[in-house]
Amino acid sequence: MLAAALPLAAHVGSPDVFYEGAAGPYRLLVTVRPPQVVPGVAEVEIRSTSADVRQIHIVPLMLGYKGAQYAPVPDLAKVSKDDPQFFTGALWLMATGSWQVRIDVDGARGPGRMAVPVPALATRVAGMQTALAAILVPLALVLCVGLVSIAGAAVRDGMLDPGVQPDTARKRRAWIAMGATAIIVAGAMWLGNAWWSSQEGIYGQIVFKPLQLLPSLQDGGRLSLKLNDPGWLNRRTDDLLPDHGHLMHLYAIRIPAMDLVWHLHPERQASDTFVQQLPAMPAGRYALYGDIVHANGIPETATAEIELPAVSGQPLAGDDSGGSGPELAAADYSRTVSPLANAYRMVWERGSAALRAKQPTEFRFRLEDEQGRPADQVELYMGMLGHAAFVSTDRTVFAHVHPTGSVPMPAVQLAQPDNPHATHMMFADGPPPEVSFPYGFPKPGRYRIFVQMKRAGGVVTGIFDAKVE
């Protein structure tokens, strides 16, 4: 069990799935909390932005599932007594792989449907609870001792008339029977343990083992990134899908200050190797987060750290971008304004409510000039109003989030192939200077949020700090 858990030490990310989209005429914010063991139960929470939703049905299907006539009977989501726009449910995910939660809505404006991709990955081996073991182990010992005693009593006293005492021969045969029974019971326990160990080994093969990112700096400031596959289920380095036009989104964050960030897009050189010509970067240690999406829609973040010398680099081009902010040691968790270049700033419309773990939240940001007027010339950045990275200060959590949520666009396309509006943002009067991200922190702690928007052909990066209870 310990050996199976060792590869998980490098795993980062947010296991919960957040998605905001349209189910026909209804706007829904969906949260799915996948199980840590598979088979297991996924928790589903749905909030409707309108009050005209009467009921919601949910059903789990394998991603790309075509046989609708063989789908399980949908479950009716339970509406909250305190909030008629909030629905909850629970669904069994029976196998490791890519799933979708299909949501059917019935309301005053007719029916609506959406599908939310959900990866079902076993991330740990569930152990027996201490209290349960304290009950079962003594009961098992009583059962074993009882079987041996019953065998001895049957041979010693089973054929005697009432009141007759067993002789020496019967007592000897009783001891022999008890010894033989003890051997049989011990053998049965050994075989049972061997079977259990075999099943544990089989299950250990499906416990998620993240890809390893092996970085190296080559001449001329060229960063090489090799994806090393630990051998989980099947090969995972040559089955990648482009997300927003790139096979990998690489975040490089200087640590421990977390004051500099780059959002880069390495090019694939071989099936398991990516290369990136670095921009100008000061010397220091950097945490690397490489986001990729597999052909089955499952996203993954490969991580590494690298010590870099001062890199003269080349100017940022294309979708590559970077930003700077205060050092983590000077973090102000009440700060809601991040100064930008050219007399602009980014404002976090935070509100006064405390941030809590496991609670879905709409993170809203606004781009404006120094007089507080909405920014003009706002553009889409890789097809979205913005991109955000939520990173815990201990670097055990990293989430690359879009305005639609934490679900990567290739997975949405697999789940909703007939809905082009699910993956493309369109605005009749041009993109607004505001963006929101649905997300929920997986655990309490301190986080740094990197928010990127595009204006007048350049990408700006706002940096904010959050304290989560």
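Tell me, yes or no, whether the stretch 429-450 has at least one residue that is of a type outside the set (Phe, Trp, Tyr) and free of Cβ contacts under 8 Å to residues at least 40 places away in the same chain. Checked against the condition, which is being of a type outside the set (Phe, Trp, Tyr) and free of Cβ contacts under 8 Å to residues at least 40 places away in the same chain, the stretch 429-450 yields at least one hit. Within the stretch 366-406, the set of residues being crowded, with 16+ Cβ neighbours inside 10 Å and free of Cβ contacts under 8 Å to residues at least 40 places away in the same chain comprises just one member, His402.
Residues that are of a type in the set (A, V, I, L, M), open to solvent by 40 Å² or more (accessible area, probe 1.4 Å), farther than 30 Å from Val17 by Cα and within 44 Å of the chain's Cα centre (by Cα): does the stretch 165-187 have at least one? Yes: one or more hits. Screening the candidates Asp465, Asp418 for the property of being among the acidic types (Asp, Glu) and open to solvent by less than 10 Å² (accessible area, probe 1.4 Å) yields one hit, Asp465. So Val412 passes all but one of these: (1) open to solvent by 10 Å² or more (accessible area, probe 1.4 Å); (2) touching a helix residue (DSSP H, G or I) at 6+ places or on another chain (Cβ under 6 Å); (3) among the β-branched types (Val, Ile, Thr). Which condition number does it fail? Tallying (1) open to solvent by 10 Å² or more (accessible area, probe 1.4 Å); (2) touching a helix residue (DSSP H, G or I) at 6+ places or on another chain (Cβ under 6 Å); (3) among the β-branched types (Val, Ile, Thr), Val412 fails exactly one: (1).
Counting only strands (runs of 3 or more DSSP E) that sit completely within the stretch 221-294, those holding 2 or more residues that are open to solvent by 10 Å² or more (accessible area, probe 1.4 Å) and more than 30 Å from Ile206 (Cα to Cα) correspond to 249-255, 260-264, 273-277, 284-293.
The set of residues in the stretch 323-349 being open to solvent by 30 Å² or more (accessible area, probe 1.4 Å), within 14 Å of Glu368 (Cβ to Cβ) and in a strand (DSSP E or B) consists of Val337, Pro339, Tyr344, Arg345.
Taking the criterion of being among the polar types (S, T, N, Q) and under 23 Å from Ile463 (Cβ atoms), the only residue of the stretch 258-292 that qualifies is Gln276.
Residues that are more than 30 Å from Leu93 (Cβ to Cβ) and of a type in the set (Val, Ile, Thr): does the stretch 107-130 have at least one?
No, every residue in the stretch 107-130 fails to be more than 30 Å from Leu93 (Cβ to Cβ) and of a type in the set (Val, Ile, Thr).
The values are calculated or read from the model by the stated rules, or taken from the named source; none is laboratory data. Model, not experiment: these values are computed from the prediction. Cβ: placed from backbone, ideal geometry, glycine included. Neighbour counts: every protein chain shown. Each accessible area value is taken on the protein alone, full model and side chains, heavy atoms only, with ligands, DNA and RNA left out. Shrake-Rupley method; radii C 1.70, N 1.55, O 1.52, S 1.80 Å.
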